[in-house]
Each structure stands twice: as C-alpha cells, then as structure tokens.
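A.B. asks: Let me begin by handing over the structure; questions about it come next.
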Amino acid sequence: MSTAANTIQLIECPRDAMQGWPHFIPTEKKINYINQLLQVGFHTIDFGSFVSPKAIPQMADTDEVMKGLQLNNTLTKLLAIVANVRGAETAVMFDEITYIGFPFSISPTFQLRNTNSTQEESMHTVDAIQELCIKNNKQLVVYLSMGFGNPYGDVYNSEILLQWADAMIQKNSTIISLADTVGLATPEQIKQAFQELISAYPHIIFGAHLHASSDNSVAKLAAAYESGCKRFDGALRGYGGCPMAQNELVGNMDSLVVINYFSQQGHPFSFNTRALENSVQLASEIFG
C-alpha cells in the first residue's frame with residue numbers, strides 16, 4: 001500500500017480559514033494552532049499573509065505569528081500570501097518561509113477587488129515578486145483565482161484559462177494552483193481544466209484550491225485527482241472563504257475529507273494522528 005505522503009501534497013490553510021473570521025483571533029491562539037498543525041505532517045502550512053491590515057485586519061499580526069512558530073521538529077514548509085511587492089519584500093525577510101503565494105485572477109473584476117490592481121499591473125507584480133523569490137531562495141506559488149468561472153459576468157472559458165496559465169509559465173512559475181474562489185466549479189469543469197493544463201504542461205505542478213460544501217466536496221476532489229492533480233489545499237473542518245470575493249463565503253475544502261478520500265483510495269497519509277486530533281479540537285475551539 002502506497003502512502004499519499006509520497007505522492008500527494010496536502011497544504012493546510014489556516015490563513016484562509018482565519019482571514020474572513022468576523023472576530024479577531026488573538027495572536028497566541030493563532031500561534032498555538034499553527035504550531036499544532038506543524039506536528040501533523042502536512043506538506044505545507046499556508047499560515048498567514050503580508051497584506052494591508054485595513055483590507056484584512058485578521059492578518060495584521062502575521063509577523064508576530066511567524067516569530068512564535070516552532071520549526072525545529074517538523075518537515076512541514078511555510079507559505080505566506082502577498083498581494084503586492086511591499087508584502088513580498090516583507091515575506092522574503094523570513095528565512096523560515098519557503099513559498100510566497102500571489103493571487104492572480106483571471107477575472108479582471110476580482111483582480112481589482114482582491115489586490116486593488118489591474119491584470120496588467122498584476123503581471124508586473126508577478127515579475128517583481130519572482131525576482132525577489134529568486135534572490136532570496138524562495139519559491140513563487142501563483143494562484144489563478146476565479147479559475148473555473150466568476151459571479152461577476154466576466155468572460156470565462158478554457159482558452160482564457162490556458163492563456164493566463166501559459167503567461168505565468170513564461171515567467172518561470174512552476175507551481176500554479178487553480179482556485180475555485182467562490183465554489184462555483186462543477187466536477188466536469190474541474191476535470192476539463194486539469195486535463196487540459198496537465199496535458200499541455202506536464203512539467204508544471206498544478207494544484208487545486210477548492211471551495212466546496214459538504215455535499216459536493218468528494219466529487220470535486222475526485223475530479224481533480226482523477227485528472228492528474230496531486231497538490232490540494234484544504235482547511236480543517238472546511239472553515240474559511242475569501243472575504244474579498246462576495247458577501248456569502250463558501251468554505252474551503254475540508255482537509256479531513258481529503259485525508260479520508262485518499263485513505264479510501266488505498267493511499268493513506270502517514271500523519272501524526274494525535275497531532276491531527278488535537279488540531280481538529282483547536283479548530284473547533286477557535287472557529288466554533
């Protein structure tokens with residue numbers, strides 16, 4: 001029996017779970033929660049973001065959270081999200097951070113809402129962040145948000161998706177995650193998108209940042225995996241959602257659903273069970 005840990009990258013996203021939470025979560029609670037997650041065995045923890053505190057007040061203490069993390073006894077890597085060059089300049093100062101994530105939207109409306117910049121301006125931002133990553137031994141992760149459609153009426157089709165994916169690859173991006181930002185994607189859309197991208201660019205790591213409800217999570221997850229995707233973002237208990245997207249947040253893919261799915265497929269994760277149980281308990285206390 002093979003283990004999912006050898007083939008599947010599971011990225012736990014407490015940052016996404018926390019960023020839209022209506023009440024400020026104390027810094028010490030964030031630190032305790034992420035330190036527990038670091039003991040589970042996830043490939044990466046998307047732990048925080050260096051963005052405007054006015055836009056995302058919940059992330060105003062990311063630098064303090066970073067200083068409280070215990071990384072001596074874990075193989076899990078850290079990822080931080082940035083929305084502009086200033087945020088990237090801050091993020092690369094931390095040796096402990098491996099990945100810098102930038103959300104590029106293939107919806108021009110959402111690009112303005114999310115990063116207060118046009119797509120053209122954001123492409124220049126990608127160039128600058130990539131340069132910073134190379135100079136500071138980091139790896140850029142580009143999120144193609146609204147990757148399966150959008151609620152704003154902006155034109156979407158597979159040609160547009162391929163166009164923007166190719167543009168990022170031309171900028172030497174090697175990890176690209178398709179984000180179902182508002183949970184609109186159907187399993188058929190997910191399947192088509194990953195089949196086309198993975199077929200066209202087999203050397204690129206394509207990830208799935210899916211938002212889903214409990215009744216369609218497994219179908220969406222299976223569609224991505226069966227199409228060749230091997231990198232998945234999730235959040236324990238399915239908390240989260242992008243506060244910049246629309247009024248009603250659609251939660252993240254529940255990491256427990258991902259873990260159970262691969263176990264049923266005969267590819268279990270070799271996780272620290274007690275640390276996972278403790279993390280689920282802390283999540284319930286924080287978000288309950």
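A.B. asks: Out of (1) in a loop (DSSP other than H, G, I, E, B); (2) at pLDDT 95 or above, the odd one out for Lys54 is which?
C.D. replies: (2)
A.B. asks: For the stretch 209-222, indicate whether the set of residues that are charged (D, E, K, R) and either buried (at least 16 other Cβ atoms within 10 Å of the Cβ) or in contact with a Ser or Thr (Cβ under 7 Å, 6 or more places away or on another chain) (or both) is non-empty.
C.D. replies: yes
A.B. asks: Shifting gears a bit: Look through Gly251, Gly266 and report the one residue that is surrounded by 16 or more Cβ atoms within 10 Å (Cβ to Cβ) and among the small types (Gly, Ala, Ser).
C.D. replies: Gly251
A.B. asks: I need a count of the residues in the stretch 14-28 that are more than 15 Å from Val280 (Cβ to Cβ) and out of contact with any Gly (no Cβ under 6 Å at 6 or more places or on another chain).
C.D. replies: Looking only at that region, the number is 10.
A.B. asks: Also, quick follow-up: When residues of the stretch 264-288 are filtered for being free of Cβ contacts under 8 Å to residues at least 40 places away in the same chain and either hydroxyl-bearing (Ser, Thr, Tyr) or closer than 18 Å to Asp233 by Cβ (or both), how many remain?
C.D. replies: Residues meeting the conditions: 1.
A.B. asks: Pull up the stretch 122-153, narrow it to residues that are charged (D, E, K, R) and closer than 18 Å to Glu96 by Cα, then point me to the one that is surrounded by the most Cβ atoms within 10 Å (Cβ to Cβ).
C.D. replies: Among those that are charged (D, E, K, R) and closer than 18 Å to Glu96 by Cα, it is Lys138.
A.B. asks: Tell me which of these Tyr156 doesn't satisfy, since it passes every other one: (1) under 18 Å from the mean Cα position of the chain (by Cα); (2) surrounded by fewer than 19 Cβ atoms within 10 Å (Cβ to Cβ); (3) of a type outside the set (Val, Ile, Thr).
C.D. replies: (1)
A.B. asks: Follow-up question, since we're still on this one. Under the condition of being β-branched (Val, Ile, Thr) and touching a strand residue (DSSP E or B) at 6+ places or on another chain (Cβ under 6 Å), which residue from the stretch 175-197 is surrounded by the most Cβ atoms within 10 Å (Cβ to Cβ)?
C.D. replies: The extreme case among them is Thr181.
A.B. asks: Another question, if that's okay. Just to verify a result, which residue in the stretch 12-51, among those that are over 20 Å from Gly238 (Cβ atoms), in contact (Cβ under 8 Å) with a residue 24 or more places away in the chain and assigned to a loop (DSSP other than H, G, I, E, B), is farthest from the chain's Cα centre (by Cα)?
C.D. replies: Ranking the qualifying residues of the stretch 12-51, first place goes to Phe24.
A.B. asks: Then there's this: Just to be sure I understand, how many residues within the stretch 64-89 are surrounded by fewer than 20 Cβ atoms within 10 Å (Cβ to Cβ) and closer than 27 Å to Leu112 by Cβ?
C.D. replies: 4
A.B. asks: So which residues in the stretch 21-36 are surrounded by fewer than 24 Cβ atoms within 10 Å (Cβ to Cβ) and touching a Phe, Trp or Tyr at 6+ places or on another chain (Cβ under 9 Å)?
C.D. replies: Trp21, Ile25
A.B. asks: Return the pairs, sorted by first residue and then second, in which the second residue is surrounded by fewer than 20 Cβ atoms within 10 Å (Cβ to Cβ) and among the β-branched types (Val, Ile, Thr), the first residue lies in the stretch 225-237 and is over 12 Å from Phe262 (Cβ atoms), the beta carbons are less than 6 Å apart, and the residues are 6+ apart or on different chains.
C.D. replies: Gly228/Ile198; Arg231/Ile205; Leu236/Val280
The values are calculated or read from the model by the stated rules, or taken from the named source; none is laboratory data. Because the structure is predicted, anything quoted here is derived from the model rather than measured. Glycine gets a Cβ as well: all are built from the backbone with ideal geometry, and neighbour counts include every protein chain shown.
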